[in-house]
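The structure under discussion appears below in the form of structure tokens.
The values are calculated or read from the model by the stated rules, or taken from the named source; none is laboratory data. These numbers come from a predicted model, not from an experiment. FYI the Cβ positions are ideal-geometry reconstructions off the backbone, even for glycines, and counts take in every protein chain you see. All accessible areas refer to the heavy atoms of the entire protein, side chains included, with ligands and DNA or RNA removed. Shrake-Rupley method; radii C 1.70, N 1.55, O 1.52, S 1.80 Å.
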Amino acid sequence: MAPGLFSVRLSEEVSTALADHRPVVALESTIFSRLGLPSPHNEEALDRCLNAVRSGGAVPAITAVIDGVARVGLGPDEHDRILGADAKTSSRDLGVAVGAAWPVGVTTVAASLRLASLAGITVFATGGIGGVHRGAANSGDVSADLGALATEPVVCVSAGAKAFLDLGGTLERLDTLGVPVLGWQTEAFPAFYSRDSGHRVPHRVDDAGALADIVTATWALGHRGGVLVANPIPADAEIPYEEIRPHIDEALASARVLGVTGPGVTPWVLEAITEATAGRSIPANLALAEHNATLAAELAAELAGASGAEHG
């Protein structure tokens, strides 16, 4: 088959917005599938994130593989397909999902950054990135999200990294890869459900205009990869790190005993945390995802305004 048959397909709304230099925010689809949140919370997350992006004046662009086509921007009639999906698609899997014509492949952070970059979208919102797993010195378990952040020129707005990771190691790896890490109105690196992981961010930014200027300057000065904006979960939804860390330690220990490894660790730990916190982790997850979508839309609007002035 001709290579053109495997190109990324943009929705009409996303394509028009990009052509008109209007703000667009890319979104992953794993968080909205049953792999990310149990039903009906995954649908609530989808609705809240879409509404947050639109309320900020931006166009949401959900990324996924649908019927073997890499898609950026889905219609409402396609939402049920990602809500019920269970085939996680990272950047390494995109060619397989397209070439083998998977019915539905929901995208991780790494895959979403790739598709956003190919589409020309510069801002992406997620819940939390993957990173360096505990014990990675022996297992080599490091998320592809970090490599994608280093190579795809897209700003990733997230509530830091997932709380069960080696957060210090994740920050060190981002530093080695040359990925700028910016704390949004904070000096602390967030840990998903928690506002403060105990680790510091290299730089704090308090104003969306300043954030857009930093991103623009970063790329103008030759940086070819992405930027991570660490946006803490809203204070009223937080589960403090010192409260949740014992549950994480217990879940990871049980995973080791039962031989749960690789991609199976994340859902295992998240389910254990949900049980240990009597369900409090779910509203926390919803709140942080919505919060990130809101900030991403604000940043996208600032960047689009600068781009529009340049092209006007």
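Some notes on this structure:
- Checking each residue in the stretch 236-258 for being assigned to a loop (DSSP other than H, G, I, E, B) and open to solvent by less than 50 Å² (accessible area, probe 1.4 Å) picks out ILE239, PRO240.
- Residue within the stretch 66-73 that is in a helix (DSSP H, G or I) and open to solvent by less than 30 Å² (accessible area, probe 1.4 Å) present: no
- Flag for VAL229 being of a type in the set (A, V, I, L, M, F, W, C), in contact with a helix residue (DSSP H, G or I) (Cβ under 6 Å, 6 or more places away or on another chain), open to solvent by less than 40 Å² (accessible area, probe 1.4 Å) and touching a residue at least 24 places away in the same chain (Cβ under 8 Å): no
- Search result, residues across the stretch 39-64 that are in contact (Cβ under 8 Å) with a residue 24 or more places away in the chain, open to solvent by 20 Å² or more (accessible area, probe 1.4 Å) and farther than 13 Å from THR294 by Cα: SER39, HIS41, GLU43, GLU44
- Selection within the stretch 80-98 - part of a helix (DSSP H, G or I), closer than 23 Å to SER39 by Cβ and open to solvent by 30 Å² or more (accessible area, probe 1.4 Å): ASP80, ARG81
- Residues satisfying the stated conditions in the stretch 259-269, i.e. in contact (Cβ under 8 Å) with a residue 24 or more places away in the chain and assigned to a helix (DSSP H, G or I): GLY262, PRO263, VAL265, THR266, PRO267, VAL269
- ARG204 vs. criteria farther than 28 Å from SER90 by Cβ and open to solvent by 10 Å² or more (accessible area, probe 1.4 Å): yes
- Listed by first and then second residue, the pairs linking a residue in the stretch 186-212 that is of a type in the set (A, V, I, L, M) to a residue that is part of a loop (DSSP other than H, G, I, E, B), with Cβ atoms under 6 Å apart and 6 or more places separating them unless they lie on different chains, are ALA188/ASP196; ALA191/ALA163; ALA191/SER197; VAL201/PHE189.
- Matching residues in the stretch 103-147 - criterion: being of a type in the set (Ser, Thr, Tyr), surrounded by fewer than 24 Cβ atoms within 10 Å (Cβ to Cβ) and modelled with pLDDT of 95 or more: SER117
- Scope the stretch 259-282; condition under 23 Å from the mean Cα position of the chain (by Cα) and loosely packed, with under 15 Cβ neighbours inside 10 Å; matching residues: THR261, GLY262, PRO263, GLY264, PRO267, GLU271, GLY279
- Matching residues in the stretch 136-149 - criterion: being touching a residue at least 24 places away in the same chain (Cβ under 8 Å) and farther than 19 Å from ALA125 by Cβ: ALA136, SER139, ASP141, VAL142, GLY147
- Conditions (1) modelled with pLDDT of 90 or more; (2) touching a Pro at 6+ places or on another chain (Cβ under 9 Å); number of the one not met by THR274: (1)
- Flag: GLU78 does not match the condition of being acidic (Asp, Glu), farther than 24 Å from ALA301 by Cβ and in contact with a Leu (Cβ under 7 Å, 6 or more places away or on another chain).
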